[in-house]
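Q: After the structure tokens below, expect a handful of questions from me.
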Amino acid sequence: MKKYLLHYKKENAVLLFLMIFINGIETSFAFLQMYIGKQVIEGEIKKVLLVVAFNSALAYFFYVLLYIRKNYQTYLISTMNTELRNDISKKILHESFEKNVGTDSGEYVSWYTNDVREAENQGFQVFYSYMDTGFRLLMGAISLLFIKWELLALTLVVSGISMYVSKRFSDKVEKYAEKVSLAMGN
């Protein structure tokens, strides 16, 4: 997977830039909502209407960029999958005849379909999903830092405690679920 991601450095850079830009716009919605709330409290209706119009235009731009990113990501993954299939074909063609005699043709079909699909679902898709989530977390942390650094610190502490508690109790819940499943089976 790393080979294909590195081979398409420029294309991946464009996709990562789109992710950062889209997450930045998404984060700006929160600041715009805070500003609208402040203007409503102050009674500045003209400013509220202006910011709502700007927010609507930004939302339209956001969804257009989201559509472009989704299609571009699909195109990029498809291109990398095609190259992966080509590499599998080259590997099969360069194998010795004796080595391939005992191989079932279904195994080749499996390489072309299942293995490539698995690389897409467990590799490329997951990689891009993690990148998007990481940028979203980064933008959220930067936003909290601008609002109030204490809020960021509190969020990190509460998140850490939540992760610890969920990890600690997930094992116990899993054990009890197994016991219930065995009891139901009996």
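Q: Quantify, in whole percent, the carbon and sulfur part of the accessible surface of the chain (1.4 Å probe; protein heavy atoms only).
A: Details: 9140 of 13620 Å².
Carbon with sulfur: 67 percent of the solvent-accessible area.
Q: Over the Cα atoms of the range 1-61, each weighted equally, I'd like the Debye log10 I(q)/I(0) at q = 0.14, 0.23 Å⁻¹, rounded to two decimals.
A: For the requested q values the scattering log ratios are -0.54, -0.89.
Q: So how tilted is helix 45-94 from the main axis of the chain? Cα-based, degrees 0 to 90, rounded to 10.
A: Helix 45-94 and the main axis of the chain meet at about 10 degrees.
Q: Using the alpha-carbon atoms, what tilt in degrees (0 to 90, nearest 10) does helix 125-147 show relative to the longest principal axis of the chain?
A: Tilt of helix 125-147: around 20 degrees.
Q: Report the semi-axes of the equivalent ellipsoid for the range 52-92 in whole Å, largest first, where each axis is √(5λ) for an eigenvalue λ of the Cα gyration tensor.
A: Semi-axis lengths for the range 52-92 are 39, 4, 4 Å.
Q: Please compute the Cα-Cα pair-distance distribution of the chain with 5 Å bins starting at 0, giving whole percents from short to long.
A: 1, 6, 9, 11, 10, 10, 11, 11, 10, 8, 5, 3, 2, 1, 1, 0, 0
Q: Give the peptides 166-173, 85-92, 136-143 in descending order of average Cβ contacts within 10 Å, highest first.
A: Descending packing order for the listed peptides: 136-143, 85-92, 166-173.
Q: If you line up the long axis of helix 9-42 against the longest principal axis of the chain, both from Cα atoms, how many degrees apart are they, to the nearest 10?
A: That works out to roughly 20 degrees.
Q: Averaged per residue, what accessible surface does the chain expose to a 1.4 Å probe, in Å²? Write down the numbers at each step before the final one.
A: On the way: 13620 Å² over 186 residues.
Solvent-accessible surface per residue comes out at 73 Å².
The values are calculated or read from the model by the stated rules, or taken from the named source; none is laboratory data. Predicted model, so just to flag it, every value in this text is computed and none were measured. Virtual Cβ from ideal backbone geometry, glycine too; neighbours counted across all protein chains shown. Accessible surface areas use protein heavy atoms only, side chains included; no ligands, DNA or RNA. Shrake-Rupley method; radii C 1.70, N 1.55, O 1.52, S 1.80 Å.
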